[in-house]
Amino acid sequence: MTADLAPGTRPSGRAGRPAVAGLPRWVLLPAAVGAALVVVPLLALALRAPWTRLPSLLTTPAAVDALLLSLRTAGTATVLCVLLGVPMALVLARSTWRGVRVLRALVLLPLVLPPVVGGIALLSAFGRRGLLGESLEVLGVEVAFSTTAVVLAQTFVALPFLVVSLDGALRTAGRRHEEVAAVLGARPTTVLRRVTLPLVLPGLVSGAVLSFARALGEFGATLTFAGSLQGTTRTLPLEVYLQRETDPDAAVALSLLLVAVAVLVVVAVRGRPAA
């Protein structure tokens with residue numbers, strides 16, 4: 001018979017070989033390589049950064065304009081993602097008709113499309129000669145190569161992140177609580193407001209934060225559909241791309257700023273303690 005283990009200790013797979021969550025030891029090597037693939041470039045970026053010049057590089061008029069424009073447009077895009085994505089996720093999660101799988105695939109398509117393809121698609125729809133752009137131009141509304149185009153491009157690529165997050169939360173939560181509320185006489189709108197949304201609020205918040213981060217880092221669709229005009233359409237990723245050719249130190253400094261925002265987003269979404 002084996003001796004009793006001390007409190008708080010765990011048995012290992014073999015004597016003298018501590019296990020890592022019951023996994024074989026060979027898993028550690030590819031895991032370490034994968035971690036290095038992510039960490040080493042970020043470490044190199046930090047070592048390359050001109051830390052003494054960082055304040056001056058981040059406070060140039062072009063950098064400030066790009067940062068403020070990115071925050072403003074990404075915030076607006078996130079609001080649009082919530083207003084449009086919540087109903088879309090509800091329809092996808094609660095529908096039973098056969099075509100819902102096709103609809104889900106179309107909604108999630110921007111996740112796998114190259115951003116530049118999304119920009120061309122937006123330009124084909126809202127450009128001066130686009131499907132809707134010609135009619136809008138008659139009304140005096142020009143969308144392409146404007147701040148509105150930036151918001152539309154960011155919404156196009158960020159919306160699926162909120163839909164995926166909320167759709168998963170709705171499926172996990174099930175319909176039991178909603179059915180009980182309906183049996184007790186609550187109207188559908190009341191059930192949605194008092195039961196469904198509070199139940200999936202963590203998923204909604206996570207989706208909104210991820211959408212904001214994706215909108216803030218959008219580059220390809222924005223460049224294709226909105227162009228790069230300082231103060232109007234040149235967001236922070238576009239400024240990084242332009243500075244890479246003229247002032248590499250400024251590009252590194254702005255890249256660090258985007259990395260810092262991304263770290264805050266990851267901590268906000270994944271750093272909460274488990275219930």
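Can you find a residue in the stretch 168-176 that is more than 28 Å from the chain's Cα centre (by Cα) and farther than 30 Å from Val259 by Cβ? Among the residues of the stretch 168-176, at least one is more than 28 Å from the chain's Cα centre (by Cα) and farther than 30 Å from Val259 by Cβ, which makes the answer yes. Once the stretch 190-238 is narrowed to residues that are assigned to a helix (DSSP H, G or I) and aromatic (Phe, Trp, Tyr), the residue that is nearest to His177 (Cα to Cα) is Phe212. For the stretch 227-237, a residue qualifies if it is hydrophobic (A, V, I, L, M, F, W, C) and either within 12 Å of Gly118 (Cβ to Cβ) or surrounded by fewer than 16 Cβ atoms within 10 Å (Cβ to Cβ) (or both), and exactly one does: Leu229.
The one condition from (1) touching a residue at least 40 places away in the same chain (Cβ under 8 Å); (2) crowded, with 16+ Cβ neighbours inside 10 Å; (3) under 21 Å from the mean Cα position of the chain (by Cα) that Ala121 does not meet is (1).
How many residues are assigned to a helix (DSSP H, G or I) and over 20 Å from the mean Cα position of the chain (by Cα) if we restrict to the stretch 247-269? Looking only at that region, the number is 6.
Among the residues of the stretch 135-159, the one identified as on the phi > 0 side of the Ramachandran plot and modelled with pLDDT of 90 or more is Phe145. The set of residues from the stretch 58-104 being at pLDDT 90 or above, surrounded by fewer than 20 Cβ atoms within 10 Å (Cβ to Cβ) and among the polar types (S, T, N, Q) comprises Thr59, Thr60, Thr76.
Scanning the stretch 187-211 for residues that are over 18 Å from Leu159 (Cβ atoms), touching a residue at least 24 places away in the same chain (Cβ under 8 Å) and crowded, with 18+ Cβ neighbours inside 10 Å returns a single hit, Thr196.
Of all residues in the stretch 147-175, those that are farther than 20 Å from Ser124 by Cα have Cβ atoms under 8 Å from Cβ atoms of residues that are surrounded by 24 or more Cβ atoms within 10 Å (Cβ to Cβ) and among the hydroxyl-bearing types (Ser, Thr, Tyr), 6 or more apart or on another chain, in Phe161/Ser211; Leu162/Ser211.
Whenever a residue of the stretch 212-235 is under 13 Å from Phe145 (Cα atoms), its partners that are β-branched (Val, Ile, Thr) and assigned to a loop (DSSP other than H, G, I, E, B), lying with C-beta atoms within less than 8 angstrom and at least six residues away or across chains, give the pairs Thr222/Thr233; Thr222/Thr235; Ala226/Thr233; Gly227/Thr233.
Take the conditions (1) assigned to a helix (DSSP H, G or I); (2) among the charged types (D, E, K, R); (3) within 18 Å of Thr78 (Cβ to Cβ); Arg244 misses just one of them, which is (3). For the stretch 127-186, enumerate the residues that are acidic (Asp, Glu) and either in contact with a Ser or Thr (Cβ under 6 Å, 6 or more places away or on another chain) or surrounded by 16 or more Cβ atoms within 10 Å (Cβ to Cβ) (or both). Passing the criteria: Glu137, Asp167, Glu178.
The values are calculated or read from the model by the stated rules, or taken from the named source; none is laboratory data. Every value quoted in this text rests on a predicted model; they were computed, and no experiment measured them. Heads up, the Cβs are rebuilt from the backbone with ideal geometry, glycines too, and the neighbour counts pull from every protein chain shown.
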